[in-house]
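Take a look at the structure set out below.
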Amino acid sequence: PAVLLSAYNDKNGVVADFQFNVLRRLNREFGYHFDLKQFRYRPVWNEQSSSVEQHLQSLCSQEVKCSDVTGDKTIDFEEGETINMIDSYKFSREEVIALFHNAGFTIEYTWHDEHQWIN
């Protein structure tokens, strides 16, 4: 989990910026008014589902207004509340082989990195 969380919380903020881009687009293209400075990026390891959840967490209680063709709306956020942007599921090599086999596929070749973290 530590390696995965480090990868999803890179020092250059590339992954975080990718998630914030969704809010930027909602603002620009759909009439939302997210104040990006009032959110922080927070990746979380979910052991039960074997996934990295990527959240944007509200830093305060706030209202986000939206004015679009359907009318005015407001989304309320409590401090600490998150938007779950995406879940990135992780599978072991054995799980992938079983999934392929159960779907009727045959694996002829596999490649992996030196640690066998990526197959």
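Annotations for the structure displayed:
- All conditions but one from (1) more than 21 Å from the chain's Cα centre (by Cα); (2) over 26 Å from A2 (Cβ atoms) apply to E114; the one that does not is (2).
- When region 31-45 is filtered for residues that are of a type outside the set (A, V, I, L, M) and either farther than 12 Å from I86 by Cβ or open to solvent by less than 20 Å² (accessible area, probe 1.4 Å) (or both), the ones remaining, listed by number, are G31, Y32, H33, F34, D35, K37, Q38, F39, R40, R42, W45.
- Residue ID - farthest from S88 (Cα to Cα), chosen from residues in region 8-24 that are hydrophobic (A, V, I, L, M, F, W, C) and open to solvent by 80 Å² or more (accessible area, probe 1.4 Å): V14
- Any hit, region 47-62, residues being within 21 Å of Q116 (Cα to Cα), of a type outside the set (A, V, I, L, M), open to solvent by 80 Å² or more (accessible area, probe 1.4 Å) and modelled with pLDDT of 95 or more: yes
The values are calculated or read from the model by the stated rules, or taken from the named source; none is laboratory data. All figures in this text were calculated on a predicted structure; none of them were measured in a lab. Here the Cβ is made from the backbone with ideal geometry for all residues, glycine too, and neighbour counts use every protein chain on show. Keep in mind that these areas ignore ligands, DNA and RNA; they rest on the heavy atoms of the full protein, side chains included. Shrake-Rupley method; radii C 1.70, N 1.55, O 1.52, S 1.80 Å.
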